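Written below as structure tokens is the structure these notes are about.
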Amino acid sequence: MEITWEGGKRTAYSGEELRWACPCAECRGEMGAPGRLARISALSPEELRIKDVTLVGQYAFQIAFESGHATGIYTFTYLRGLKATNI
């Protein structure tokens, strides 16, 4: 996925980078319990391929993966803070 930010900076994110960075409660954990991503070391190829991206308001994307996982809301601020490839 590529984003061109205001000001012209462009950033590329792989499906794998975005899936491991999923900010949802299932993946990150909640109420002091670790999330799924803290308990595993590998994801299936279906979990790493982006299926769809939907704009949420004017502040975020909801990214759906081929595995069906689609609960992460990636704010623009969060995405800008991720280590990704600047192009």
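The values are calculated or read from the model by the stated rules, or taken from the named source; none is laboratory data. Predicted, not measured: the structure shown is a model, and the values here were computed from it. Quick reminder, even Gly has a Cβ in these numbers, built from the backbone with ideal geometry, and neighbours come from all protein chains shown. Calculation scope for accessible area: heavy atoms of the full protein, side chains included, ligands and nucleic acids excluded. Shrake-Rupley method; radii C 1.70, N 1.55, O 1.52, S 1.80 Å.
Kirkwood radius for the range 8-87, taken over all pairs of different Cα atoms as the inverse mean of 1/r, rounds to 13.2 Å. Surface composition of the chain: carbon plus sulfur atoms hold 52% of the accessible area, using a 1.4 angstrom probe and ignoring ligands, DNA and RNA. Isolated cysteines in the chain, defined as those with no second cysteine Cβ under 4.7 Å, comprise C24. When only alpha carbons are used to place a centre, the range 38-87 and the range 10-26 end up 4 Å from one another. Placing +1 on the Cβ of every Lys and Arg and -1 on the Cβ of every Asp and Glu, with no other charges, gives the chain a dipole of roughly 240 debye about its Cα centre.
Entry comment: accessible area of the chain is 62 Å² per residue, from protein heavy atoms only and a probe of 1.4 Å. Toward the positive end of the charge dipole of the range 32-87, with +1 on the Cβ of Lys and Arg and -1 on the Cβ of Asp and Glu, the farthest Cα among I40, T71, L55 is that of I40.
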